[in-house]
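A short write-up of the structure that comes next.
The values are calculated or read from the model by the stated rules, or taken from the named source; none is laboratory data. Worth saying up front: this structure is predicted, and the values here are computed from it rather than measured. Here the Cβ positions follow ideal geometry from the backbone for every residue, glycine too, while neighbour counts run over all protein chains shown. To get the accessible areas, we keep the full protein, side chains included, count just its heavy atoms, and leave off ligands, DNA and RNA. Shrake-Rupley method; radii C 1.70, N 1.55, O 1.52, S 1.80 Å.
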Amino acid sequence: MDQPAISDYGFLSDCRSGALVGRDGSVDWWCPDRFDTPSVFGRLLDPTAGHWRLAPIAAGLPGHRTERAYLADTLVLRTVHHTPEGSVAVTDALAAELGARGHELGMNSPAVLLRVVEGLTGRVRMSLDFRPRPEYGLLTPYLHEQPDGGVLAAAGPVVLALHSGGAPLPVDRDRVRQDFEVAAGQVVGFDAAYGRAYGAAPARLDPVTALAETVQAWRAYRESHHYDGRYADQVRHSATVLTGLTYARSGAVAAAPTTSLPERIGGDRNYDYRYSWLRDFAMTMRALWVAACPSEASRLFAWAARSIGRVGPDPVPVLFGLEGERDVSEYECAHLRGYADSLPVRIGNDAWRQRQLDVPGEVISAVWRLRDYLGETFDEELREMVLGLTEQVAATWHLPDRGIWETRDADRHYLSSKVLCWAAMDRAVTLAPRLGGRGDPRRWAAIRDEIRAAVLREGWNERVGAYTGAFGSPELDASALLLPLVHFLPASDPRMRATIEAVERGLGSANGLVRRWDTDPAGFLLCSFWLVECLVLAGERDRAEALFERLLGHANDVGLLSEQIDPRTGAQLGNTPQALSHIGLISAAWRLTDPGTD
């Protein structure tokens, strides 16, 4: 098969798991139990790893075209197929629990994939091809026709029940194939429900009714969130995407719903992003707060406090599983070909083992941001976490680490890591009165000032004329753009202004994309949005706004942003949709709205 472009995929979510559906009508990725559990449809990573296609027989032939959009304020995707025979709409969603409203969304999602076909004009011949392959394609299930006309697929720990609102579904050994015709005004619903082999049976829903309920659940949720700044439509949609990436039962936000989509086609930097990163913590908090989602921010914070537990001498992991699992050890799926033959395919992420000194700074910065919301005196768990992280920074800030980009070679004294250590101590000084008398603001302030002096002395490279990626290195790094964003230096500082210009000149491209480092193969969207914020803070609002609008153009047709963009072709790269990219959009839009408010 021809590999669809990453930008061809739309994202479905029930705030428990995620699915990707292509423009061609094929669901090529679904991990129904949880974002970070094995797939039942995995064609995204191998043609044989399972899919569910539902589209006109004429799809892909001359005279066929599609248009698609999310129903307003939802992650319910409607694709309209226009064919020589007529037009038909296919509406796809992961079902919400019946009756769920507001913040109940996702708490008890039934793990059911809904697909509803509606005839618009003429008579359109449709084709269904259902090929589940659980355990990332390792299992081929037995298919059993059921008395109610449905089909039960069972293999290993997985059961999938497929039902149709029309005629009984025919089994063809290890797949279901059915051709049928839809006339104008006719509606046919399908649903695939997940269950555990030795648990409760898969849910049984009426797909048309469940789809309407799911739309109402999403809209009721969005009605409780308001954003009054600039670029309201884009911010609102990005906030909806972040909601879709949230595992509602714990409040954790997955970095992406996918694994091993490559940063470069044919490259090996293919990582599993279906976990929640503490590094992204302060940025996520800010984005949720800006998008008027305070309760989500609070739940995310509670998840982090519980996941971290009591802080000891060992480094706090940069990422956790969605229910707080610490060990997410990495392995390779040798049986999968990888997206566009990009190997390896990785499950798990060994970055959890790395020393990354920026992590405490991100968490303490998030506490600092929410300090007034959290109260004048913190509860025991919160107090112990802040104290433990602060003392860990005090003891380890001088050590080398793997840095914000999680390098897998040698430890270095990364600039951004030191700056986030400074931020940890700076915020801890402010928070000391809320720590029950156990804070040590005088000592913490002295360490903060020592870190600052080291960054100003060792981070500046006179020959390059900029702050560089690591102490003593001549290499530019876009993470230097964090300095004004965390208030280490004002953007107007001469050396900081020179650094912004150097990054824009040395790592930027004509279409506004910023690479992380010189040999980075593609523009990293978060860094590009950081540049927007830095330009605003430097007083260049017109240039910042023009850059922001160019970056908006890199979203796909349904407003989704991946991790990176190929600067030559404009193709999306990396895992998608990427939380950090949408976080960057929200933060940059707010900076353009109100430069003086964080």
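Around the Cα centre of segment 108-180, unit charges on the Cβ atoms of Lys, Arg, Asp and Glu (plus for the first two, minus for the last two) sum to a dipole of about 200 debye. Residue by residue, segment 158-174 carries 3J(HN,Hα) couplings of 10, 10, 10, 10, 9, 10, 10, x, x, 6, x, 8, x, 8, 10, 6, 10 Hz when phi is fed to the Karplus relation 6.51 cos²θ - 1.76 cosθ + 1.60 (θ = phi - 60°); x denotes Gly or Pro. Over segment 558-598, the fraction of Cα-Cα pairs per 5 Å bin, rounded to whole percents and listed from the shortest bin up, is 6, 22, 21, 19, 15, 11, 5, 0. Of the peptides 5-15, 314-324, 146-156, 358-368, the ranking by mean beta-carbon count within 10 Å, highest at the top, reads 358-368, 5-15, 314-324, 146-156. Calculated on C-alpha atoms, the gyration radius of segment 412-488 divided by its Kirkwood radius gives an Rg/Rh of 1.07.
The angle separating the long axis of helix 579-593 from the principal Cα axis of greatest extent in the chain is about 60 degrees. Structural descriptor for segment 1-116: relative contact order 21 percent, calculated from alpha carbon pairs under 8 angstrom and at least 6 residues apart.
Rounded to the nearest 10 degrees, what's the angle between the helix 207-223 long axis and the longest principal axis of the chain, both from Cα atoms, 0 to 90? Between the helix axis and the principal axis of the chain, the angle is about 20 degrees. Ordered from longest to shortest, the equivalent ellipsoid semi-axes for segment 289-445 are 31, 19, 13 Å, each the square root of 5 times a Cα gyration tensor eigenvalue.
Reported value for the chain: 144 Å³ per residue, from the convex hull of its C-alpha atoms.
For segment 476-492, the Karplus equation 6.51 cos²θ - 1.76 cosθ + 1.60, evaluated at θ = phi - 60°, returns couplings of 5, 8, 5, 5, 4, 5, 5, 3, x, 6, 9, 6, 6, 9, x, 4, 7 Hz by residue, with Gly and Pro reported as x. Accessible surface area normalised per residue over the chain is 36 Å², counting heavy atoms of protein chains with a 1.4 Å rolling probe. The value for segment 62-173 of Rg(Cα) / (2.2 N^0.38 Å) is 1.26. Treat segment 261-356 as a sphere of radius equal to its Kirkwood radius over Cα pairs and apply Stokes-Einstein at 4 °C in a medium of 1.567 mPa s; give the translational diffusion coefficient in µm²/s, rounded to a whole number. In µm²/s, the coefficient is 86. Calculated on the Cα set of segment 1-150, radius of gyration then Dmax: 15.8, 45 Å. Solvent-accessible area assigned to carbon and sulfur over segment 317-469 amounts to 47 percent, based on a 1.4 Å probe.
Backbone phi angles across segment 134-150, fed through the Karplus curve with coefficients 6.51, -1.76 and 1.60 (θ = phi - 60°), yield HN-Hα couplings of x, 6, 6, x, 6, 10, 10, x, 7, 10, 10, 5, 10, x, 7, x, x Hz in residue order; Gly and Pro are listed as x.
Distances between every pair of Cα atoms in segment 177-221, grouped in 5 Å steps from 0 to the bin holding the largest one, split as 5, 15, 17, 17, 21, 14, 8, 3, 0 percent. Report the far tail of the P(r) of segment 191-252, meaning the percent of Cα-Cα pairs longer than 21 Å. Tail of P(r) above 21 Å: 45 percent of Cα pairs.
In this entry, segment 460-598 is assigned a mean projected area of 8.0 nm², taken as a quarter of its C-alpha convex hull surface. The separation of segment 375-402 from segment 193-256, counted between C-alpha centres, amounts to 33 Å.
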